[in-house]
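This report concerns only the one structure given below.
The values are calculated or read from the model by the stated rules, or taken from the named source; none is laboratory data. Just so we're clear, the structure is a prediction, and the values are computed from it rather than from any experiment. Because the Cβ atoms are built from the backbone with ideal geometry, glycine has one as well, and the counts that use them run over all protein chains shown. Heavy atoms of the whole protein, side chains included, go into the accessibility calculation; ligands, DNA and RNA do not. Shrake-Rupley method; radii C 1.70, N 1.55, O 1.52, S 1.80 Å.
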Amino acid sequence: MNRREFMRASGGVAGGAAAAGAGLTAGTGTAAAQEEAPDWPEGVTDAPNYSETEDLRGEDEVVVDVGAGDGLQFAPPAIWIDEGATVVWEWTGEGGAHNVETVEGDHDFESETTDEAGFTFEHTFEEGGITFYHCLPHDAQNMFGGVAVGDDIDTVEAAEGPGAMEPTDMGVDIREHYVGVGAILAIVVSLIFTFYTLKYGESPNAKGGN
């Protein structure tokens, strides 16, 4: 490698180290503030397909599938809507006969029990609050759902999704200043090599001139 090629390579190493250090420092910094979620009764979060609340505020009408997944789920199982919005439950025809019925909470509703695909039941939520509901024939299979209405409800900090996990959550002890110091050392080492190459010249075995 001649001197010109070495300069290009060392410059690229320094720039890459700086960029990597900046990116890693940003990635291991304080996570963005977590969003709030309704403080659901325990049954809602026991639904087999529950992972997070679907925030549907701003929509006048939302649809929940009855008999989703393996036929024994509501989808989405947990929703957050505005006061005055209407929820339409629509039967898929899978999983046998289902109904939609309040278990506990601030809203009272109950549909008939049917296995008819395309059957719908709707309820308009005029008042705020949180309600846990189920399919009575499949309560033992945790066919549960929840409806949160309005902004004036009890909330909790939403759980982070897998993509937001910090390295320390996985048992890796990474600190911001360690990453920054590592990036600086990489730059310094590159500059030292460059200095000695310019000062003392190339190896006698190097091919090509300057």
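Some values worked out for this structure:
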| quantity | calculated |
| --- | --- |
| Calculated from backbone phi, Karplus (6.51, -1.76, 1.60) coupling profile of the stretch 136-151 in Hz, x at Gly/Pro | 4, x, 10, 4, 5, 8, 6, 7, 10, x, x, 10, 10, 10, x, 8 |
| Segment residue 42-residue 119, extension gain: residue separation times 0.36 nm, minus the distance between their alpha carbons | 24.9 nm |
| With DNA, RNA and ligands ignored, accessible area of residue 70 (1.4 Å probe; Å², nearest 10) | 110 Å² |
| Inter-probe distance in nm under a simple model that places probes 7 Å from Cα toward Cβ, at residue 90 and residue 184 | 5.9 nm |
| Orientation-averaged projected area, Cα convex hull of the stretch 97-153 (nm²) | 4.1 nm² |
| Distant-in-sequence amide H partners of residue 155 (H built 1.01 Å from N, under 5 Å) | 39 |
| Gain upon complete extension [residue 136, residue 151; 0.36 nm per residue less C-alpha separation] | 2.5 nm |
| Residues whose placed amide H lies under 5 Å from that of residue 133, excluding near-sequence neighbours | 103, 145, 146, 147 |
| Estimated vicinal HN-Hα couplings, Hz - the stretch 61-77 in sequence order (Karplus 6.51, -1.76, 1.60; Gly, Pro = x) | 9, 10, 10, 10, 6, 10, x, 7, x, 7, x, 10, 9, 9, 9, x, x |
| Point-to-point label distance, residue 196-residue 97, nm (Cα→Cβ direction, 7 Å offset) | 8.5 nm |
| Ordering of 112-123, 76-87 by packing [mean C-beta count within 10 Å, highest first] | 76-87, 112-123 |
